[in-house]
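Data block below; observations after.
What follows draws every value from the coordinates through simple rules; no lab data is involved. Since the structure is predicted, the reported quantities are computational estimates derived from the model, not experimental observations. Because the Cβ atoms are built from the backbone with ideal geometry, glycine has one as well, and the counts that use them run over all protein chains shown.
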Amino acid sequence: MALVNPYVTYPKDRRNIHKLRDRFEVGRFANEQLNVYEKKLITDWSRCKTIGVDPGMRDGIVIPEDEFRIAVAHSSFIIEKAEPILQKVSNLLVGVPGILILTDNQGTILHIVGDSSVRMRAADESSLIEGSRWLESLAGTNGIGTAIAQKEAVHVFSNEHFCEGWHQWSCAATPILDPFTEEVLGVVDFTTFDKDYREDAVGLTYSLSGHIKAELRLQLELERMQLIHSYSDHSSRYPADGIVVLDRMGRVVRSSPGIDPDECDLFQRCRCEKEQPKMVQQVYLPGTEREIGSLLVIHRKKPVTISVPIESALIRCVATFGEFVTASENLKLIMERISKVIPSDINVLLIGETGTGKEIVANYIHAHSKRHAGPFVAVNCGAISKELFESKFFGYERGAFTGADPRGRKGVFECADGGTLFLDEVGEMPLEIQAALLRVLETGRFNRVGSEKEIATNCRIVAATNRSLSHEITRGTFRADLYYRLGVATFDIPPLRERPEDIPVLIQRTMVSLCRKHDLPPSNISEEAMELLTGYSWPGNGREVRNVIESAMICGGSSISVQDLPMNIKYSQKLPQEAISVSGAHLTAAQGRSPDSTGYRINANISQREVHLIITTLEKYKDIALACEALGVSRATFYRKCKAHGITPSDYI
């Protein structure tokens, strides 16, 4: 038998509610004389009275501005999905005296749309504004707080509200539930004047909540796919170790065989009772600042042995530095210099393009330092917003802000204590964040958010960037004092195009790793394919190598041929009649040079990039008109370039 929700199923009668309230105030009522609806009101009013809510309250509780900014940042996932939906419905409700409200799971109003006169009156008379908080413990029975408390749709009308200040309002609300755990994530509320009470309002909020929940489910599924990709990527890079990947809610998405994720308290200690953690890092949705989960690499006590293909005869004079392998004499010298500073425990700054292996080098530094038994914590500095920086780096006490973990949480400095903290993309940090980071580096001490107690940290800093920090200092976007503090020892990791002898090395090691990952038999590669691969400029460096080889191995089976390579590589060494240069996402014509001139190699590289740009843009937009707009060229120019490179657009749409 379905349970009855008295707030929704019983008729609203202001006069009878008033009489019931009088009896409640003097304690003259008998439960046996009350119906289900009246018993529910008495129970809820009694609870509010017991916890000390002021029945004469007339203004809502407004949280401090800094705390509200943090609440918005923590709820950005829900806001992003809910705002367009609420705005679209609000446009259909023009002339209806009411407002639609979105809150987080602490009853904090994040967004309001709807009738401007209602919104102004709500703000003036009840402080019903963005940044106000409406939990039952703060504001008594009300649509938002009661929906959270009861975890179901409610319609709190007029003097059903415990506090007198809300008696002029009628509030219908439905909680937004996590699509997988059914935990409350927020609330959708429709508030209007009590005289404009609408029975269908609760149906509206119920429908909106369901729509938002469906959007969240879709987004979480996409994030889950990205987390699984991260798991696969790290499984191939650390084949002898165990991997545990958690989603944004701390749920296990994937873990290596033999690893018990329940034993790994990632956020509290960054340790496992039976396994030794090797690396902890956050996972972000590509191209955004949104953290979608966390990844833990665990060092196994007994490494797994897997049969691998025999090394190719192409590879000679290879030097190994942990997971980093090179045949380049220049890079060997750089790695040997890095090896000399490892025992000293000084901070290290690594400079290099994306995909050159800076994180692998950082792992090598950690694994061979006196801190090797401690954790290796990796953080993408460019993916952390200003509002979340303090809580992410320094941690917070329980109840420090809306949406905070009730247990509190350690920041990355605490998690990395005794080990190494890898600050990736450090050049992306806003100036305000740089100042806070500099203080910790200078003093070795910090405060958790919501605490006055100072905490000491002892971790080595390895930073990495793909920017020229000296140039950023000149521009005023990076602090010189932070640069000198981070770059006690600075090393440039050259891109793959400057060390072509490493291309076959990287290809062969990638093939070995992918054989382990996909449980494939040993693969080989044709001479023609290897010639094309070694002649390609690899703008994406090692990361691009891995993607290309993985695709080729899946398509080509036990042998990779030219036909298994992507179009941009197959045509990369054909010099077009008209070379072009690439500036951002726009293509502009440039004069070519004769094959015997020094410009031949330059134009060949430009051609490679143009082919890569056209193909990736087509694959991204799946539409020629959108691709042309993104590239900043006309259709005629676009088709002419495709023809010059032998590209068939329909192959990528």
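Between ILE61 and ARG133, the built amide H atoms are under 5 Å apart, and every one of these is 5 or more places off in sequence or on another chain. In this calculation the C-beta distance from LYS340 to THR443 is compared with R0 = 35 Å, giving a FRET efficiency of 0.80. Mind listing which trypsin sites (Lys or Arg not before Pro) in the stretch 322-414 are in a DSSP loop and have 16 or fewer other Cβ atoms within 10 Å? Passing sites in the stretch 322-414 are LYS370, ARG398, ARG407.
If each residue's Cβ is checked for other Cβ atoms within 10 Å, how do THR108, THR617 rank with the fewest at the top?
Working: THR108 29, THR617 19.
Lowest count first: THR617, THR108.
Among the chymotrypsin sites (Phe, Trp or Tyr not before Pro) in the stretch 1-104, those located in a DSSP loop and surrounded by at most 16 other Cβ atoms within 10 Å of their own Cβ are PHE29. Size descriptors for the stretch 97-154: radius of gyration and Dmax over Cα atoms are 11.1, 30 Å. Of all lysines in the structure, those lying under 22 Å Cα to Cα from LYS643, and not within fewer than 8 positions of it along the same chain, are LYS570, LYS574, LYS620, LYS622.
For ILE560, the amide hydrogen comes within under 5 Å of the amide hydrogens of ASN524, ILE525, SER526, counting only partners 5 or more places away or on other chains and with H modelled in the peptide plane.
Across all Cα pairs in the stretch 316-434, the calculated P(r) in 10 Å bins from zero up to the longest distance comes to 12, 36, 31, 15, 5, 1 percent per bin.
For the stretch 6-218, the tally of Lys pairs with Cα-Cα distances below 21 Å comes to 16, considering only residues 8 or more apart or on different chains.
What do you get when you divide the Cα radius of gyration of the stretch 505-570 by 2.2 N^0.38 Å, with N the number of residues?
Values: Rg = 10.7 Å, N = 66, 2.2 N^0.38 = 10.8 Å.
So the Cα radius of gyration is 0.99 times the expected 2.2 N^0.38 Å.
Applying a DSSP loop filter and a limit of 14 other Cβ atoms within 10 Å to the GluC sites (Glu not before Pro) in the stretch 180-241 leaves GLU182, GLU183, GLU199.
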